[in-house]
Amino acid sequence: MTEEKDTYTLDDLIPEATTLNDISPPARLSVFGDPVNHSLSPQLHNPALQALGIDARYIRVHVAEHDFPEALRLIKERGFVGTNCTIPLKFAALEACDHVDQLALKLGAVNTISLEEGRVFGSNSDGPGFLRAIREAFAIDAHDLRIMILGAGGGAGRAVTVQCALEAPERLVLVNRTREKAESLRAEIAPMLEDEMIHAASSRVKVAEWSDEGLESELGNIDLIVNATSLGMKRSDPALIPAHLLQPHHLVYDMVYSPRKTRLIIDAESTGARAANGLSMLLHQGAISFETWFNREAPLETMRSCLKAALGAQENSLT
Ligand code: NAP
């Protein structure tokens with residue numbers, strides 16, 4: 001029996017490679033990414049596969065963007081059920097599919113690939129995972145909220161912004177360090193909102209300046225603040241929003257999940273606001289991918305407790 005590796009490479013996928021041939025249960029699912037060794041997806045999916053008695057293992061594979069088509073070809077040959085795709089492969093994945101569902105087309109990215117009879121199907125669980133996370137954390141739907149998204153220009157920020165736009169919220173305010181990216185996203189989603197909304201889209205979706213004054217003038221009319229930037233991952237990161245601008249009525253969702261208590265979450269909670277970290281989004285996007293592959297309900301509580309344990313172990317290894 002070959003010992004399992006933490007992260008596999010393209011070479012491990014070729015049929016002659018011995019590394020994958022006799023591990024048990026057999027590798028049938030994966031996450032592709034570059035980098036990928038930080039991904040907690042195996043710790044999320046393997047306990048779920050085990051709990052449901054499915055004879056399959058989920059592995060990490062380091063795949064550079066130019067190797068993506070070959071990696072896909074190899075897992076097809078190996079009889080994989082599918083793969084997740086993380087940075088920077090979500091756009092390459094969209095291109096590589098034989099069929100992409102409507103939502104993934106709108107989000108402009110595929111994070112879940114299903115392989116069925118030699119055909120490649122693409123979908124996206126990031127946006128729906130975010131919606132489930134918001135509902136779970138705050139018991140309210142995005143449709144009923146006035147939402148500010150910080151980082152509406154990055155990959156995750158884009159998925160969450162488009163998903164929120166599809167929910168036709170009361171207000172959507174986009175903020176991004178590089179303002180032009182938020183402007184071009186606004187232009188892209190405005191037609192979606194016009195279809196859905198009674199009022200002109202221009203009054204319901206806007207781009208705000210990332211400055212104390214720009215944020216202050218918007219935050220009184222915002223319910224949900226979403227951090228989709230990478231700020232907060234390091235203890236030394238500057239505050240995303242000055243603490244005095246946060247208000248008790250705010251709901252704060254920080255997509256960062258490590259550390260669990262980011263500066264934004266600490267500041268929000270000390271103001272009396274409700275706040276949650278990105279662990280629930282990670283959990284729900286994983287559960288949705290699982291449901292896509294197996295067409296059955298994912299064992300959510302097993303996945304949640306294993307994810308929390310894995311995150312705790314990862315944090316301990318870093319300190
Ligand atoms: P990305 O594509 O690299 O985007 C990074 C975003 O952060 C951009 O909007 C960027 O602004 C902004 N940013 C970076 N450094 C900044 C700084 N110093 N000041 C202000 N803004 C800054 O990354 P991503 O894949 O979208 O991931 C973003 C975050 O979401 C990460 O923390 C990631 O862990 C988290 N995430 C969580 C989940 C989950 O399931 N919870 C899923 C996906 C991602 P510019 O456009 O100006 O560069």
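The values are calculated or read from the model by the stated rules, or taken from the named source; none is laboratory data. Keep in mind the model is a prediction, meaning the values are calculated, not measured. Don't worry about glycine lacking a Cβ; one is built from the backbone with ideal geometry, like all the others, and counts go over all protein chains shown.
Just a few scattered comments:
- Residue 32 being of a type in the set (Phe, Trp, Tyr) and more than 26 Å from residue 308 (Cβ to Cβ): no
- Some residue of the range 180-195 being more than 20 Å from the chain's Cα centre (by Cα), in a loop (DSSP other than H, G, I, E, B) and within 10 Å of the ligand (Cβ to nearest atom): no
- Look at the range 88-110: where a residue is in the same structural domain as residue 70 (by TED's automatic domain parsing) and a partner is among the acidic types (Asp, Glu), sitting 6+ places away or on another chain with Cβ atoms under 6 Å, you get 88/65; 92/65.
- For the range 269-308, the tally of residues that are part of a helix (DSSP H, G or I) and either more than 19 Å from residue 52 (Cβ to Cβ) or of a type in the set (S, T, N, Q) (or both) stands at 13.
- Helices (runs of 4 or more DSSP H) contained entirely in the range 36-107, each with at least 1 residues that are within 16 Å of the ligand (Cβ to nearest atom) and within 14 Å of residue 290 (Cβ to Cβ): 41-51
- Matching residues in the range 129-149 - criterion: being surrounded by fewer than 22 Cβ atoms within 10 Å (Cβ to Cβ) and either touching a residue at least 12 places away in the same chain (Cβ under 8 Å) or in a helix (DSSP H, G or I) (or both): 131, 132, 135, 136, 137, 138, 140, 141, 143, 144, 145, 146
- Any chance residue 225 is hydrophobic (A, V, I, L, M, F, W, C) and closer than 20 Å to residue 86 by Cβ: no
- Residue that is surrounded by the most Cβ atoms within 10 Å (Cβ to Cβ) [pool: residues in the range 95-122 that are under 23 Å from residue 38 (Cβ atoms) and of a type outside the set (Val, Ile, Thr)]: 111
- Just one of the numbered conditions (1) modelled with pLDDT of 95 or more; (2) more than 19 Å from residue 127 (Cβ to Cβ) is not true of residue 238: (1).
- Residues that are near the ligand (Cβ under 8 Å from one of its atoms) and more than 27 Å from residue 165 (Cβ to Cβ) were ranked within the range 224-257; the one that is surrounded by the fewest Cβ atoms within 10 Å (Cβ to Cβ) is 238.
- Residue within the range 150-157 that is more than 8 Å from the ligand (Cβ to nearest atom), surrounded by 24 or more Cβ atoms within 10 Å (Cβ to Cβ) and not in a loop (DSSP other than H, G, I, E, B) present: no
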